[in-house]
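Step one of this worksheet: look at the structure below.
Please treat every number below as a calculation from the coordinates, not as lab data. Model, not experiment: these values are computed from the prediction. Every residue, glycine among them, receives a Cβ derived from its backbone with ideal geometry; neighbour counts consider all protein chains shown.
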Amino acid sequence: MTVASPNAARGVAVELIGLRRTYGTVNALDSFDLHLAPGEFVALLGPSGCGKTTALRCLAGLEDPDAGRITIGGRDVTALPTNKRDLGMVFQAYSLFPHMTARQNVEFGLEMRRQDKATRAKRAGDMLDLVGLSTQADRYAHQMSGGQQQRVALARALAISPQVLLLDEPLSALDAKVRTQLRDEIRRIQLEVGTTTLFVTHDQEEALAVADRVGVMRAGKLEQLAAPLELYARPASAFVADFIGLTNRLRGRATGDRAEILGGSVPLLPGSGSGDVEVLIRPEHIDVTPDADGNASVLSASFLGAHGRVTATTDAGEQVLVQVPSASLPDFSPGQRVRLTPRGDAALAVAL
């Protein structure tokens, strides 16, 4: 189910219908369909070359699709130039004008739209306040940090009150702490403003944390488009299960809607195979306990902050990752015998 912004009435629907884009023999987009509800925040994820940036650039008018249609608010914009599509865009490179202050950068789009000086000043002030930079209004780009520059770029994109906001890897040039802070700020601002937003990123944590729905792409197509929790807990394919988060692949036997692995049984997700299969199961869906007569041996135990990770090798020679509370890490040491037991959480089985 789509979860739209509380301000969805201020957003517009966006549709990419049957888009095809080829570069030589490469299908960057292959009959690609995507619908964004008014005010919705959708993130596109996928490996390099999967087509996610091409989809965004086609929506932006920076690329022409070989086939298909693009509509914004019900209006066909496929043949319109970028400046006629009413879009705000923020890219990885901040692209601020170095000879302008933060305020002047934010005012630029309004000036191009022939807004009067008082209106420009008021709107720029409001947008800089929205991104938390009202005290930096008179600074130049070289006087601001990378995170501050990207906030200015976001304020500039929003100042023109676009129907759609496009974000193409906007945080990838920032360090981890700033990236997390700005990620959360972007979501807060998007919810407050209500602009329909398409966000392209290679960072799955980023996408899962901020989007209403996340689309996983592969070879120019959407493998799955779903709410973050559904995407993680109920992957529609082995590709999605492998791509999102960590997944163990364990040999098992599937019969009906259950599979036998590690001496236990797990329910299977729809679309799972039967017979001799590989069962894809998350590290947090396996229990590990010290047991001299267990079915595996510990390879390593790693501290990862709020939780830890135990890597073990089963007697069948399969390597298994298990997530555990950090406090229990001292219970496990290399070479120690343990018992691995699957929990009752649903897993995905694929044919061998």
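So the values come out like this:
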| read-out | value |
| --- | --- |
| Rounded to 10°, Cα long-axis angle of helix 176-193 versus longest principal axis of the chain | 60 degrees |
| For peptides 283-289, 328-334, sequence by mean Cβ density within 10 Å, most packed first | 283-289, 328-334 |
| Square roots of five times the Cα gyration tensor eigenvalues for the stretch 224-302, Å | 24, 17, 10 |
| Fully extended contour minus Cα-Cα distance, from Arg69 to Leu304, at 0.36 nm per residue | 80.0 nm |
| Mean Cα-pair separation over length for the chain, i.e. relative contact order, pairs under 8 Å, 6 or more apart, % | 17 percent |
| For the stretch 106-163, average projected area of the Cα convex hull in nm² | 3.9 nm² |
| Using θ = phi - 60° and Karplus 6.51 cos²θ - 1.76 cosθ + 1.60, couplings along the stretch 207-219 (whole Hz; Gly, Pro as x) | 5, 5, 6, 10, 8, 5, 9, 10, x, 9, 9, 8, 6 |
| Gap separating the Cα centres of the stretch 253-309 and the stretch 156-221, nearest whole Å | 34 Å |
| Estimated dipole of the stretch 230-321 in Debye, rounded to 20 [Cβ of Lys and Arg +1, of Asp and Glu -1, Cα centre] | 220 debye |
| Val12 long-range amide H proximity, modeled H, under 5 Å | Gly39, Thr196 |
| Shape call, the stretch 8-233: gyration tensor on alpha carbons, a/c limit 1.5 | prolate |
| Contour excess over end-to-end distance, with Cα ends at Met100 and Asp116 and 0.36 nm allotted per residue | 3.9 nm |
| Sequence-distant residues sharing a close amide H with Ser31 (under 5 Å, placed H) | Arg20, Arg21 |
| Relative contact order [Cα under 8 Å, 6+ residues apart], the stretch 205-273, whole percent | 18 percent |
| Per-q log10 I(q)/I(0), the stretch 246-351, q = 0.20, 0.23 Å⁻¹ (Debye; single scatterer per alpha-carbon; no solvent) | -0.94, -1.15 |
| Dipole in debye (nearest 20) - the stretch 160-199, about Cα centre, beta carbon charges: Lys, Arg +1; Asp, Glu -1 | 120 debye |
| Derived scalar couplings ³J(HN,Hα) [the stretch 58-74; Karplus, 6.51 cos²θ - 1.76 cosθ + 1.60; whole Hz; x for Gly, Pro] | 5, 4, 6, x, 8, 10, 9, x, 6, 7, x, 9, 10, 10, 10, x, x |
| Student exercise, the stretch 8-233 dipole from Lys, Arg, Asp, Glu Cβ charges, in Debye to nearest 20 | 580 debye |
